[in-house]
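Data block below; observations after.
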Amino acid sequence: MTLIDEVLMNNITSNKPIWIMRQAGRYLPEFREIRSRNPNFIELCLNEKLSSEITLQPLRRFNLDAAIIFSDILMLPYGLNQKVEFKKNIGPILGNLNLDNILNLKEIDFVEKLKPVYKLIKLIRNNDLTKNKNTIGFVGAPWTLLVYMINQESPKLGLKNDFFKDKIFLNETLKVIEKYLIIHIKNQVESGAQIIQIFDSWAGLLEEKDLSNYIYEPTTNLVKYIKSLNIPVICFPKGIKKYKEFCEIVNPSAICIDYEVDPKQIMKDIKIPVQGGMDPKILLTDRENLKKEVKKYLDIFRNHPYIFNLGHGILPSTDPKMMDYLVKMVKDY
Ligand code: CP3
């Protein structure tokens, strides 16, 4: 049993386990080196030799408790034959969504397209570097995927004006996303993923009245499905504000919190295991400040099942030395 397994069984551990969102990524020179030779991001994700190597890169450097597979939440629309491109300095750009084509798609064709993701999971599970560590698979939440698939680009500046115009179309799309998410999760678990994290990066965009339809209902369905496989599920509804209500309704195995919520309030409100919280920007300051902030989270959650992580992905401008210091501090605490 690993430390993370203990925490996910709702046990308080004296040492807190640690992994970091986006731990395999652009702040590592060895990632940038591979990336510079592979301009097509989707193709890089579909090259299991490289994607497994990238997954393992942070484990070679740091004493982390888990590997998170190097993939992307937008592999799902890619698997559904929607065009997905990553443009430098802009982010993801998606092609038009053709719902009829998706409704006519065959499950085996979807799985075939994403096979390299499942092969990557098998490769890293068989690697000595993940021995006694957890392998985390992940998906985007139905709502966040709906956002990308309909908005066709990051909604950083807000959703397009007509986003909510056709509710029937939105709900049909949501249903088909849910269907394929289940297939994607099933295949990740069968390949060896031991935990699933659901990233709802744009949960904060919804008004309260819409939370039930777009977040609570579809996410609850996924959580129930993942639990039925005897696999723990961590939800990250970034920016949702109502973490307590989310946990009561959706009931994940653990909740990942963002950097805008007050950890003390979470400690009072939430009875399930908690993950994350610290602002990734702290890693851009100095060691003294980092120490102070890490200590804050570890002290607040000392008597709670807690996995150390950040309140969003590690920033590309992070110095790997600061990451090293962070991991050592959590381990030596
Ligand atoms: O955590 C990890 O180390 C695993 C890898 C991982 C990636 N994306 C690789 C990646 C994970 C877990 C994701 C999830 C993801 N992808 C989310 C949810 C988490 C979050 O950040 O909110 C979202 C919204 C996406 C969609 C996406 N993919 C965006 C918006 C972008 C471009 C901007 C950005 O934040 O990097 C990507 C590209 C992407 N996915 C990169 C990496 C390492 C950068 C690729 C590059 O340009 O080199």
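Under 10 Å, Cα contacts only: if you run a Gaussian network model on the chain, which one of 242, 291, 167 comes out with the highest mean-square fluctuation? It is 167. Per residue, the solvent-accessible area of the stretch 3-332 (1.4 Å probe, heavy atoms of protein chains only, all protein chains present) comes to 45 Å².
Taking only C-alpha pairs under 8 Å that are 6+ residues apart, what is the relative contact order of the stretch 3-332 in percent?
Working: 553 pairs, mean separation 73.0, N = 330.
This gives 22 percent for the stretch 3-332.
Mean projection of the Cα convex hull over all viewing directions, computed for the chain: 15.6 nm². The convex hull defined by the C-alpha atoms of the stretch 15-96 has an orientation-averaged projected area of 6.2 nm². The residues 139, 189, sorted by heavy-atom accessible surface at 1.4 Å with ligands and nucleic acids left out, run 189, 139 from largest to smallest.
Taking the radius of gyration and the Kirkwood hydrodynamic radius from Cα positions alone, what is the Rg/Rh ratio for the stretch 193-275, to two decimal places?
Answer for the stretch 193-275: 0.94.
Once the convex hull of all Cα atoms in the stretch 227-275 is built, its volume per residue stands at 69 Å³.
Separation of the stretch 256-333 and the stretch 203-247 by C-alpha centroid, Å? Here the two parts' Cα centres lie 22 Å apart. Sequence-distant contacts, meaning Cα pairs under 8 Å at least 6 residues apart, place the relative contact order of the stretch 1-92 at 26 percent. Can you say what percent of the DSSP beta bridges in the chain, counting only those with both residues inside, are antiparallel? Round to 5. Percentage antiparallel, nearest 5: 20. Once amide H atoms are placed 1.01 Å from N in the peptide plane, what residues at a sequence separation of 5 or more from residue 312, or on another chain, have their amide H within under 5 Å of its amide H? For residue 312, the qualifying residues are 277. In this calculation the C-beta distance from residue 324 to residue 168 is compared with R0 = 45 Å, giving a FRET efficiency of 0.30. Remind me, what semi-axes does the stretch 63-160 give for its equivalent ellipsoid, largest first in whole Å, using sqrt of 5 times each Cα gyration tensor eigenvalue? Listed largest to smallest, the semi-axes of the stretch 63-160 are 28, 18, 11 Å. With unit charges on the beta carbons (Lys and Arg positive, Asp and Glu negative) and the dipole taken about the Cα centre of the stretch 209-333, which residue among 243, 226, 300 sits farthest to the positive side? Value computed over the given set: 300. Once all protein chains are placed together, residue 163 keeps about 10 Å² accessible to a 1.4 angstrom probe.
The alpha carbon centroids of the stretch 111-148 and the stretch 35-101 are separated by 10 Å. With every protein chain in place and a 1.4 angstrom probe, the accessible-area ranking of 71, 36, largest first, reads 36, 71. Between the beta carbons of residue 96 and residue 5, assuming R0 = 45 Å, the FRET efficiency works out to 0.55 to the nearest 0.05. Let me have the relative contact order for the stretch 230-333, percent, based on Cα pairs under 8 Å that are six or more residues apart. Relative contact order, the stretch 230-333: 26 percent.
The values are calculated or read from the model by the stated rules, or taken from the named source; none is laboratory data. Here the structure is a predicted model, which means the values were calculated and not measured. FYI the Cβ positions are ideal-geometry reconstructions off the backbone, even for glycines, and counts take in every protein chain you see. The protein model used for the area step is the full one, side chains on, heavy atoms only, and it has no ligands, DNA or RNA in it. Shrake-Rupley method; radii C 1.70, N 1.55, O 1.52, S 1.80 Å.
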